[in-house]
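Report on one structure; see the data block that follows.
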Amino acid sequence: MTDDAFVGSFEALTLPPSEFRHAAHVRLAWIYLKRMSLPEAMTRYSMSLRAFAGHVGKPGLFHETITYAFLMVINERIADGPDGESWEAFQARNPDVMAGVKGALGRYYTDERLAGARARAGFVMPDRLAG
């Protein structure tokens with residue numbers, strides 16, 4: 001599926017939930033970040049995720065800290081990569097991001113910090129030093 005078709009299907013709420021696993025979350029973020037500024041992508045991504053979660057009857061799945069932290073990590077990885085990098089190349093270059101929350105955010109956040117209600121409802125700063 002092309003990037004435009006993928007985004008269109010997701011935003012139109014026609015993408016089957018079974019096709020929106022972790023890699024699809026990362027791909028959507030990657031597309032938005034390639035097309036718009038970080039603040040614009042954060043707004044659109046969070047609005048789109050909330051709409052999709054509500055559409056599939058699971059509005060409580062949205063997690064603000066994970067969403068924004070992932071977007072910031074992906075944005076940084078895009079900036080560190082070569083110009084015009086394909087989605088496939090981005091995936092291959094960033095196995096930790098593709099591995100899930102622990103892979104991409106574990107160096108910044110403890111499990112306890114991300115599990116808290118405060119982290120789900122609003123962005124919280126990392127409680128680990130990256131390095």
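Using the Kirkwood radius over Cα pairs, work out the Stokes-Einstein diffusion coefficient for the range 64-108 at 37 °C and 0.692 mPa s, in µm²/s as a whole number. In µm²/s, the coefficient rounds to 303.
On a per residue basis, the chain carries 54 Å² of accessible surface, using protein heavy atoms and a 1.4 Å probe. For the chain, the square roots a ≥ b ≥ c of the C-alpha gyration tensor eigenvalues yield an a/c of 1.5 or more together with a/b not exceeding b/c, which makes the shape oblate. Ligands, DNA and RNA left out, the accessible area of the chain computed with a 1.4 Å probe is 57% carbon and sulfur.
Taking all protein chains as shown and a probe of 1.4 angstrom, Thr110 keeps an accessible surface of around 30 Å².
The values are calculated or read from the model by the stated rules, or taken from the named source; none is laboratory data. In this text the structure is predicted, and so the values were computed from the model without any measurement. Accessible surface areas use protein heavy atoms only, side chains included; no ligands, DNA or RNA. Shrake-Rupley method; radii C 1.70, N 1.55, O 1.52, S 1.80 Å.
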